[in-house]
1. Restricting to the range A:82-119, give me the number of residues that are assigned to a loop (DSSP other than H, G, I, E, B) and either in contact (Cβ under 8 Å) with a residue 40 or more places away in the chain or hydrophobic (A, V, I, L, M, F, W, C) (or both).
2. Within the range B:196-216, does at least one residue satisfy the condition of being at the interface with chain A (Cβ under 9 Å from one of its Cβ atoms) and modelled with pLDDT under 95?
3. Suppose we keep only residues that are touching a residue at least 40 places away in the same chain (Cβ under 8 Å) and facing another protein chain (nearest Cβ under 7 Å) within the range A:120-133. Which one would you say is farthest from B:PHE170 (Cα to Cα)?
4. Looking at this structure, is B:GLY105 within 30 Å of A:GLN124 (Cα to Cα), open to solvent by less than 60 Å² (accessible area, probe 1.4 Å) and either without any contact (Cβ under 8 Å) to a residue 60 or more places away in the chain or not hydroxyl-bearing (Ser, Thr, Tyr) (or both)?
5. Quick check on my filter: what residues within the range A:1-30 are more than 9 Å from every other protein chain (Cβ to nearest Cβ) and either modelled with pLDDT under 95 or open to solvent by 50 Å² or more (accessible area, probe 1.4 Å) (or both)?
6. Return the residue satisfying two criteria in turn: it lies in the range B:183-207 and is open to solvent by less than 40 Å² (accessible area, probe 1.4 Å) and of a type in the set (A, V, I, L, M), and of such residues it is nearest to B:VAL229 (Cα to Cα).
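The values are calculated or read from the model by the stated rules, or taken from the named source; none is laboratory data. If you're wondering where the values come from, they're calculated on a predicted model, not measured in any experiment. Neighbour counts run over all protein chains shown; Cβ positions are idealised from the backbone, glycine included. Accessible surface is based on the protein model in full, side chains and every heavy atom, while ligands, DNA and RNA are left aside. Shrake-Rupley method; radii C 1.70, N 1.55, O 1.52, S 1.80 Å.
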Amino acid sequence: MRACLAALAGGLLLTGGCTEAETEQRLAEPVTVEGDAIPAPLGGETGDAARGRVVFVDREQGHCVLCHQVDGLDAEFQGNVGPALTGLGDRLDPAQIRLRVADAQRIWPDTVMPSYYRVYGLNQVGEEYRGEPALTARQIEDLVAWLAALKTEGNEDG
Amino acid sequence: MRSLGAAALLLLAACSGSRGEGPAPERTTLPDEVKQTGTAFLQPETRALQEDDFANPGMLWVDRGRSLFRETIGQSKSCAACHGEDGSELDAAASHYPQVDEESGELVNLEGRINLCRTRHQGLEPLDYESDPLLALTTYVAHLSEGAPMSVDVSGAAAPYYEQGQDYFFTKRGQFNLACSQCHNEHWGEKLRGDTISQGHGNSFPAYRLEWQTLGSLHRRLSDCDAGVRAEPYPLGSDIYTAVELYLAKRAEGLPVETPGIRR
């Protein structure tokens, strides 16, 4: 609030702490949301499914297995806080998966699933994470590529 | 000028809307009939370790705490001089903490009370939060209350602290934007990889955590949960964590004190 008033006083309507709120930008880049989907790839990246599988499992990256289980995936102790994602590509297209990974809390405001591309409007963010999304555009595009290819028929694990 | 005013209004609205994001999680409570101590969610081996006084590594801190309790430093009285050689005067004391200290009007947890005894009655310096001697004394005194039902007073002077702790519990925070309640009220019993999310009670603390390879305070656990959602943790011993501790103690009302717990 204080930052807003200061910006107003200075006539700097579009700079300073309020820029993101002014454009209502939640994510690390402006995106166009259509229905329950983000049609355009983030950061103009082209996803790679093999890398996406690593992002999904790796503790230092997405670590999605904390909450999700995928049949046939080689990872111990897959969680069950979220729904199993086996055959996800049968249910959702890449644009829908993109919004769910980038900003799940936009679809389900009370979900425990983090919004991995979100940067703005957060509270008490740890110093080392401030201003950064949890995953990069490329990591998310890699996830989208891998998840969209999960089909129950002839599913190939990565 | 008019359009600048309109823009300013819009901007203000947008800015205020951007703080503390999202609809606050619903303030659900745990119904009494499902309330369960964290011990109930342990693997059988870990639980057996906790329940065996000879194997439980937390008992080393109890022993150490007992010696410190009886120790006389210089001119000062020992804790035992006031509270009984075997702490008999303190039997269920820990189950009623945190509580408001009448003299200062501030909320203190067991660690805080021990430090007040040192400065007011023993002429000693307070011990650092999370230091070995303070953990040992706290663990010893909490262990004296083993089995006593948690029962704190949240009325009167304690009420604002309780409110503050409750607010913290239901506020989303961190890069992951999650409130305590979302895991411990809404998703307990589910698997976060190898961990089963418990109801987030504090009745087994200080506890020995295998991940820490040592014993730590409840505040250290809270700090880990904050760090887990990539929020900036508060310092151990901070007023805000003590207020959360009070909220948790009330929320755990009736559960037995189980210090020293063993956790993953």
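1. Taking the range A:82-119 as the starting set, the residues that turn out to be assigned to a loop (DSSP other than H, G, I, E, B) are A:82-87, A:92-93, A:108-117, A:119.
Narrowing further to those that are either in contact (Cβ under 8 Å) with a residue 40 or more places away in the chain or hydrophobic (A, V, I, L, M, F, W, C) (or both): A:84-87, A:92-93, A:108, A:112-113, A:115-117, A:119.
Adding up the residues that qualify gives 13.
2. no
3. Checked the range A:120-133; the qualifying residue farthest from B:PHE170 (Cα to Cα) is A:TYR120.
4. Details: within 30 Å of A:GLN124 (Cα to Cα): yes; open to solvent by less than 60 Å² (accessible area, probe 1.4 Å): yes; either without any contact (Cβ under 8 Å) to a residue 60 or more places away in the chain or not hydroxyl-bearing (Ser, Thr, Tyr) (or both): yes.
It is true that B:GLY105 is within 30 Å of A:GLN124 (Cα to Cα), open to solvent by less than 60 Å² (accessible area, probe 1.4 Å) and either without any contact (Cβ under 8 Å) to a residue 60 or more places away in the chain or not hydroxyl-bearing (Ser, Thr, Tyr) (or both).
5. First, pick out the residues of the range A:1-30 that are more than 9 Å from every other protein chain (Cβ to nearest Cβ): A:2, A:6, A:9-10, A:12, A:14-16, A:19, A:25, A:27-30.
Passing the criteria: A:ARG2, A:ALA6, A:ALA9, A:GLY10, A:LEU12, A:LEU14, A:THR15, A:GLY16, A:THR19, A:GLN25, A:PRO30.
6. B:ILE197
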